[in-house]
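The values are calculated or read from the model by the stated rules, or taken from the named source; none is laboratory data. Please read these numbers as outputs of a predicted model, since none were measured by experiment. Every residue, glycine among them, receives a Cβ derived from its backbone with ideal geometry; neighbour counts consider all protein chains shown. Each accessible area value is taken on the protein alone, full model and side chains, heavy atoms only, with ligands, DNA and RNA left out. Shrake-Rupley method; radii C 1.70, N 1.55, O 1.52, S 1.80 Å.
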Amino acid sequence: MDAQRSLNITIDDTSPIIRYQPLSLFTLDTVPDPLTGWSPICGAKTWVCDDHSAHTTSFDGAKFALSFFGTGIYLFGNVTSGMSYDLTIDGNGVSNGLNGNNDTEPQMLARV
């Protein structure tokens, strides 16, 4: 009989499997504007993001999506005051967060 195996994989915010909508409006000569959509923030202050990168937005209705096969998912991030989020898996609402705090450290937002 096969033993059940568990494997955790961390997907960075810069992974191409994450689809951000809408992306902010910017070019190589301008700064991303989080009011217009998702904006990358690179810790190295270059266009090549490092492991300290993040994506941010102030755009109402912004979303991101990723496809995966598995039995669970953990979502880490921050939700600042006055912001909220909804987590939907396979078309079912499974979690939401309202009125986050101003903590800049990532928090576990959901475990499903």
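Quick notes
- Exposure rank, largest accessible area first [Val31, Val94; 1.4 Å]: Val31, Val94
- The stretch between Thr36 and Phe64, if pulled fully straight at 0.36 nm per residue, gains 8.6 nm over its current Cα-Cα span.
- Treating r as the C-beta distance of Thr80 and Ile9 and R0 as 35 Å, the FRET efficiency rounds to 0.80.
- Residue-level accessible surface for Phe68, protein heavy atoms, 1.4 Å, Å²: 80 Å²
- Each Lys or Arg adds one and each Asp or Glu subtracts one; over the other residues with Cβ under 9 Å from the Cβ of Ser95, this totals 0.
- Within the shell defined by Cβ-Cβ distances under 15 Å, the residues around Asp60 carry a net charge of -1, with Lys and Arg each +1 and Asp and Glu each -1.
- Distance (nanometres) between label positions extended 7 Å along Cα→Cβ at Asp90 and Ala110: 1.4 nm
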